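Remarks on the structure that follows.
The values are calculated or read from the model by the stated rules, or taken from the named source; none is laboratory data. Every value quoted in this text rests on a predicted model; they were computed, and no experiment measured them. We place every Cβ from the backbone using ideal geometry, glycine too, and count neighbours over all the protein chains shown.
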Amino acid sequence: MRKTEIRVERVDSFFERGRKLARAADRGEPIPSSRVVAFEDVEALLHVLTEKRVLLLKQVKETPSSISMLATKLKRDRSAVTRDVQLLERFGVIQVTERPLPGHGKQKWITPLAGEIQLTAVL
């Protein structure tokens, strides 16, 4: 699995990092197998990564499972876990796939997109 870094990064640094990757690709160099989710300021990062969502990420990293199982393990309402899962999926931190249930129906299965998630903020 890849590494995901969630960080606070100025806009100019974000674009400079993109230019460096583009130059490396132009030279035919390999692009690192990692993902960066960048926020413009600490407030935006903390709006997305609340305490409950960080606990959800830890649980998914430890044991990928369904939304219902996550809600039970975290002792949270299923609808709240669903909202958090949708938000984290939108930011590319977790992956949601549908699995068939034996007998009938489908189940959403939550897995991390990276083996390591690193949070970085410089104040």
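Taking the listed residues L70, L56, the one that is in a helix (DSSP H, G or I) and within 24 Å of V8 (Cβ to Cβ) is L56, with no other qualifying.
Considering segment 96-107, the residues that are at pLDDT 90 or above and of a type outside the set (S, T, Y) include one that is surrounded by the most Cβ atoms within 10 Å (Cβ to Cβ), namely V96.
When residues of segment 50-68 are filtered for being free of Cβ contacts under 8 Å to residues at least 60 places away in the same chain, hydrophobic (A, V, I, L, M, F, W, C) and either closer than 18 Å to R7 by Cβ or crowded, with 17+ Cβ neighbours inside 10 Å (or both), how many remain?
Residues of segment 50-68 that are free of Cβ contacts under 8 Å to residues at least 60 places away in the same chain, as a first pass: 50-56, 58-68.
Remaining after also requiring hydrophobic (A, V, I, L, M, F, W, C): 54-56, 60, 67.
Cutting the leftovers down to either closer than 18 Å to R7 by Cβ or crowded, with 17+ Cβ neighbours inside 10 Å (or both) gives us 54, 56, 60, 67.
Total meeting the criteria: 4.
Annotation note: of I67, I94, the sole residue that is closer than 28 Å to P32 by Cβ and in contact with a helix residue (DSSP H, G or I) (Cβ under 7 Å, 6 or more places away or on another chain) is I94. Close Cβ contacts (under 7 Å, 6 or more residues apart or on different chains) running from residues in segment 6-17 that are over 16 Å from T120 (Cα atoms) to residues that are among the charged types (D, E, K, R) are absent.
Which residue, of S66, S79, is more than 21 Å from L45 (Cα to Cα), of a type in the set (S, T, Y) and more than 18 Å from the chain's Cα centre (by Cα)? Give the steps one after another, and end with the answer.
Details: S66 fails: more than 18 Å from the chain's Cα centre (by Cα).
Within the list S66, S79, the selection yields S79.
Within segment 73-87, the residues that satisfy the criterion of being assigned to a helix (DSSP H, G or I) and free of Cβ contacts under 8 Å to residues at least 24 places away in the same chain are K73, L74, R78, S79, T82, R83, Q86. Can you tell me which residue in segment 22-49 is nearest to the chain's Cα centre (by Cα), limited to those that are without any contact (Cβ under 8 Å) to a residue 24 or more places away in the chain and assigned to a loop (DSSP other than H, G, I, E, B)? Checking each candidate, the answer is P32.
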